[in-house]
Amino acid sequence: QVQLVESGGGLVQPGGSLRLSCAASGGIFSIDAMGWYRQAPGNSRELVAAITSGGSTNYADSVKGRFTISRDNSKKTVHLQMNSLKPEDTAVYYCNADIRDTYYNEYEEYWGRGTQVTVSS
């Protein structure tokens with residue numbers, strides 16, 4: 001019943017910007033940490049940015065100063081503002097969240113289906 005749905009991906013030129021959004025829905029009791037991961041063909045999935053329930057953030061070195069993660073707890077959403085995009089940012093971006101649902105008293109890890117980000121001229 002719990003699901004994460006990403007949006008905002010697309011094609012952008014180098015130096016451009018995109019804003020990714022992820023909305024959690026379903027029988028949610030609470031959400032702890034949320035984050036964004038990415039995976040390019042032939043590569044492993046890597047953490048891009050994460051944010052705790054209290055708002056503390058962590059970024060991969062490759063995106064520091066360019067990307068900003070934020071969340072709106074009332075709307076159960078997390079965003080990733082991506083500026084100064086580079087071709088090497090091209091990947092499928094996945095939303096991740098630790099969620100406790102209304103039926104089970106444990107946090108479980110959920111993943112969105114992913115959204116494609118392509119940075120190319």
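The values are calculated or read from the model by the stated rules, or taken from the named source; none is laboratory data. Just so we're clear, the structure is a prediction, and the values are computed from it rather than from any experiment. FYI the Cβ positions are ideal-geometry reconstructions off the backbone, even for glycines, and counts take in every protein chain you see. Protein only, heavy atoms only, side chains kept; ligands, DNA and RNA dropped before computing areas. Shrake-Rupley method; radii C 1.70, N 1.55, O 1.52, S 1.80 Å.
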Förster radius 35 Å - calculated FRET efficiency between ASP32 and LEU11, Cβ distance, rounded to 0.05: 0.60
Using only Cα atoms, locate the centre of the stretch 52-66 and the centre of the stretch 97-121, then give the distance between them in Å, rounded to an integer. 17 Å
SER62 accessible area, 1.4 Å probe, all protein chains in place, Å² to nearest 10: 60 Å²
Assuming 0.36 nm per residue, please report the length gained on full extension of the stretch ASN83 to SER44 beyond their Cα-Cα distance. 11.7 nm
Rg and Dmax of the chain, Cα atoms, in Å? 14.2, 48
Have a look at ILE69, ILE28, ILE99 and tell me which one the Gaussian network model of the chain (Cα, springs below 10 Å) gives the largest fluctuation. ILE28
Under the Karplus curve 6.51 cos²θ - 1.76 cosθ + 1.60, θ = phi - 60°, whole-Hz ³J(HN,Hα) for the stretch 104-121, x wherever Gly or Pro sits: 10, 8, 8, 7, 10, 8, 10, 10, x, 7, x, 9, 7, 10, 10, 10, 7, 7
Have a look at ASP98, ASP61, ASP72 and tell me which one the Gaussian network model of the chain (Cα, springs below 10 Å) gives the largest fluctuation. ASP61
Each label point is 7 Å from the Cα along the Cα-to-Cβ direction; what then is the distance between the points at ASN105 and THR57, in nm? 3.6 nm
From the protein chains alone at 1.4 Å, what is the descending order of accessible area for TYR93, TYR59, largest first? TYR59, TYR93
At 1.4 Å probe size, with the rest of the protein present, what percent of the exposed accessible area of the stretch 69-121 is carbon and sulfur atoms? 41 percent
